[in-house]
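This report refers to the structure that appears directly beneath it.
Laboratory data are not the source of any read-out in this text; all were calculated from the coordinates shown. All of these numbers come straight from a predicted model, not from anything done at the bench. With ideal geometry, Cβ positions are generated from the backbone for all residues, glycine too; neighbour counts draw on all protein chains shown.
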Amino acid sequence: MPHAAQVIAIMRLLGMGNFKSEPILTNQLVEVLTGQGKSLIMAVASATLALLGADCYCACYSEYLSKRDFDDFKSLFQHLGVLEKVHYGTMEQLSESVINQRGSIRD
């Protein structure tokens, strides 16, 4: 059974509850306390957005935690057919990846 905090966080990240006629994706900041399932929230939100065609970047300060979370949800992403649209890494790795999408900025 999901925690209420998980459901609310996922809904906010996906633009639900903004009291408009349709969900609109906007920047969101969601605080989730230790033990309330940040990894699950990110995986569900990323899988949902990836199913809608978006590329999703899940950033963490720790390479270990990022790899652990990706490994935990990799089979879900594969099963849904969105593995290539969901990217996990450190903030530095993902920032550099986005910046260099059209070629190395250093060149």
Express the Stokes-Einstein translational diffusion coefficient of the range 4-99 in µm² s⁻¹, to the nearest whole number, given a Kirkwood radius over alpha-carbon pairs, 4 °C and a viscosity of 1.567 mPa s. 93 µm²/s
Can you put HIS87, HIS79 in order of Cβ neighbours within 10 angstrom, beginning with the fewest? HIS79, HIS87
Compute, for the range 4-99, the length of the dipole vector about the Cα centre, with Cβ point charges of +1 (Lys, Arg) and -1 (Asp, Glu) only. Units Debye, rounded to 20. 280 debye
Per-residue Cβ neighbour rank within 10 angstrom, fewest leading, ARG102, ARG68: ARG102, ARG68
Name the long-range amide H neighbours of GLY89: under 5 Å, sequence gap of 5 or more, or other chain; modelled H, no Pro or chain starts. CYS58, CYS60
Give the residue from MET11, MET42, HIS87 lying farthest towards the positive end of the charge dipole for the chain; charges sit on Cβ (+1 for Lys and Arg, -1 for Asp and Glu) and the dipole is referred to the Cα centre. MET11
The simple spin-label model distance between ASN27 and SER95, using points 7 Å out along Cα→Cβ, in nm, is 1.5 nm
What is the gain in length, in nm to one decimal, between LEU51 and ARG106 on full extension, counting 0.36 nm per residue of separation less the C-alpha to C-alpha distance? 16.5 nm
Would you kindly state how much longer the chain becomes between VAL7 and THR34 on full extension, computed as 0.36 nm times their sequence separation minus their alpha carbon distance, in nm to one decimal? 8.2 nm
State the number of lysine pairs found in the chain whose Cα atoms come within less than 24 Å, restricting to pairs 8 or more positions apart or on distinct chains. 5
Using θ = phi - 60° and the Karplus curve 6.51 cos²θ - 1.76 cosθ + 1.60, what whole-Hz ³J(HN,Hα) does each residue of the range 75-90 get, with Gly and Pro shown as x? 5, 5, 4, 5, 4, 7, x, 10, 3, 6, 9, 10, 10, 10, x, 6
